[in-house]
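Scroll down for the structure; my scribbles are underneath it.
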Amino acid sequence: MKPINPGSRRQKIILYYTLAVVLPGIILGYMALRGIRNDQALREKESRRKLELDSQSFFTAIDSSFVQLMNELTGDSTFSLSTKDDPSLLAFFVKDNKGSKRLISHRMLYLPDELRTNQPAQLDPANNLKDGVRLEFIESRFSEAIRFYQNIILKSTNPTEKIQALIASARLYNKMNQPDRAKELYEYIRKEYSGSLLNGQIPLGLIAGLEILKINQTIGETDELRKHSRQCLDLLLHPSSEYNKNQFDLFYESFKVIIPKTDSVIDSLFTELDTQRARTDYLIRILGEPNMINSNGKIQTKVGKNGMSIIPFNSTNLVAIYLSRTKNNGNQTNMVFDFPVYLKSISEKLIRKLDPNASINVKIEDNEGRLIFSKVINEETNYLSFTFPENLPQWKLLLSENKPGFIATLLIAGSGIYLVIFILIALLMVLGFVFTLYTLNEELRLNKMKSEFISNVSHELKSPLTSIRMMTEMLHHKRVPTEERKSIYYSVMMQESERLSHLIDNILDFSRMEDNRKKYNFIDLDIDDLLAKFVESIGERLQETKFNISYNCPDQIPLITADKNALLQVFYNLVENAIKFSGTSRKIDISLFLEENELLICVKDYGIGISTKDQEKIFDRFYRGDEPQRMGIKGSGIGLTIVKNIMEAHKGSLTLESKIGEGSTFCVHLPINK
Ligand code: ADP
């Protein structure tokens, strides 16, 4: 027989599998992948177009918001307070056709003189205080001077005179070495007159504050000094009246000299003041000549439909937009606003309008890459960058579409189907591979068993044949001397040929059972009679091997429907196994039991027994136990498979009880005729 080479067979099957499954799989997978890629590219293109449109709409919306802002401010002369108080509005002023400016609202620390509203008072300041000044400065009669000043404070109806008297009193108390009273008066002035300018020039709040600081510095009140320093700087930062640059600088420099920089709050107030100073200076320049100083030196004015010009400004301290609109009568409305603050305040609203379903992520970065605004739902996306149009600071608008989740992607028409196909192919390939490997292994295992079976059977056939041939030859050549010896030879030859015939029966039956050709001839049978005869027939052979077979059965046994030869084959196979696997034991019990619905025929031996692991497999075709193979006990591995098949044909069953070293009991259960 041609030997089976498992290696080449395995390679062949893998080759077929590759040709039949893997190659088409790879081709289909490649096509699906290309489909997915195309689809993705298409969606990306679509998304880019959408984001481009979104960015345009966003910029247009900013422009429209400017117009709206201007309309709100100029729509009626008494513009709404909320707009005026908008934190982004840095300056709002009107210019008449003659070129004179009027400031309506602003966020500056100081103003150029042309924009200040309060003009210096024309009254003679110290007229009524003349006598007090004389008493104080010329005659040094301080107590009388104090009384004089206080009299004016109490009686005067002229507010300027009253304030002057208050200041004079405080100054004099200080001179008289009564700092507490002086401080008290200055604090009163700062509190009551912080928004007033004496003679339209001197900011009372600041001057009182400065005097308090000086007193505290002189008497060494450090805690007080620090507390008042913060108040004074705060007052400078949030002016309650209009100063010009000189006044502001005067106080700023004086504070800088007096205030010790020992406190983080004070430090940050100074820093803030410096920033605001720079912004104020820049704003004053913008208000003066906007077209001259805009961001790059070149004018980037955009004039809208309604005659509004927009100029962007970009300096280290201030990014601003200057809006200006000239009416038919030549009057011009101008406003400057803080672009970052403004954008932050409107972006949320604009984006919500633009993208009500929150399908895009938005970021705004200034020209140094700082994040000004961000509305991000899903961070892990690629942003498209759009530069702001020319009439705005050159910032960047970053947009990205929100990526849908995996399942959502699958559900999106078109793209999902490719992915599903792709996954299915991969799954099929893996399944196919596993299945091929499994069947391949199974087949190889069976093949191996078949080869073993053939070699075992040949061996089993050969040994009786050899002994028959040998004895026949001896008899033929008359080399057997005695009659007694001849008789033994005949008997052995008969037994061996019987064994041969059983073996061949087994093989033929097995082959018929394998392809369902086995036919049974069911008749009513007296099983007790059959068994008794069977035991008797094997008795002879067993006598020689010194086996002791016992047979027990109850008195009354009903008839059963069965195939006589098949049952004999069952008994033969079970008893043959009992003999083969008895080891050193020489005892076999055959018993017949009658139960309610069935007859039990049990063959019990006291031999090597069967391991639990083998008990599950010994009924499989070609299977042979490990132990018998190790011990060199011959066999074909089909005996029990035939028994099991015959039992199934008789609608009966087969049970086994066994323990290693103690023996085994095989019982066949046959249903009783009702
Ligand atoms: P074979 O006997 O030709 O090997 P069988 O199908 O009759 O094939 O039995 C299968 C296996 O079952 C045997 O190889 C043996 O391992 C085990 N077996 C069967 N009967 C017995 C028994 N009475 N005692 C121990 N082992 C047994």
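The values are calculated or read from the model by the stated rules, or taken from the named source; none is laboratory data. This one's a predicted model, so the numbers in the text were calculated from it and none came from an experiment. Counting neighbours? That spans all protein chains shown, and the Cβs are built from the backbone with ideal geometry, glycine included.
Brief remarks on what is shown
- Verdict on K518 being at positive phi, more than 13 Å from the ligand (Cβ to nearest atom) and more than 60 Å from the chain's Cα centre (by Cα): no
- Residue check, I590 near the ligand (Cβ under 9 Å from one of its atoms), without any contact (Cβ under 8 Å) to a residue 60 or more places away in the chain and more than 19 Å from E452 (Cβ to Cβ): no
- One residue alone among G635, G607, G652, G663 is near the ligand (Cβ under 6 Å from one of its atoms), more than 58 Å from the chain's Cα centre (by Cα) and within 28 Å of D528 (Cβ to Cβ), and that residue is G607.
- Test result for D605, of a type in the set (D, E) and modelled with pLDDT of 95 or more: yes
- Set side by side, the residues V480, V420, V492 differ, and just one is loosely packed, with under 14 Cβ neighbours inside 10 Å and hydrophobic (A, V, I, L, M, F, W, C), which is V420.
- Taking segment 569-623 as the range and being aromatic (F, W, Y) and in contact with a Pro (Cβ under 8 Å, 6 or more places away or on another chain) as the test, the residues that pass are F581, F593.
- Condition met for D605 (touching a residue at least 24 places away in the same chain (Cβ under 8 Å), out of contact with any Ser or Thr (no Cβ under 9 Å at 6 or more places or on another chain) and surrounded by 17 or more Cβ atoms within 10 Å (Cβ to Cβ)): no
- Output for segment 610-627, where each listed residue is within 7 Å of the ligand (Cβ to nearest atom) and surrounded by fewer than 19 Cβ atoms within 10 Å (Cβ to Cβ): D614, Y623, E627
Residue-wise test of (1) assigned to a helix (DSSP H, G or I); (2) modelled with pLDDT of 85 or more; (3) under 60 Å from the mean Cα position of the chain (by Cα).
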| residue | (1), (2), (3) |
| --- | --- |
| A168 | yes, yes, no |
| N177 | no, yes, no |
| R181 | yes, yes, no |
| E184 | yes, yes, no |
| I207 | yes, yes, no |
| Q217 | yes, yes, no |
| L225 | yes, yes, yes |
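- Checked against the criteria, L670 counts as more than 9 Å from the ligand (Cβ to nearest atom), touching a helix residue (DSSP H, G or I) at 6+ places or on another chain (Cβ under 9 Å) and either in a loop (DSSP other than H, G, I, E, B) or at pLDDT 90 or above (or both).
- Inside segment 352-367, residues that are part of a helix (DSSP H, G or I), hydrophobic (A, V, I, L, M, F, W, C) and within 28 Å of S105 (Cβ to Cβ) make up a count of 0.
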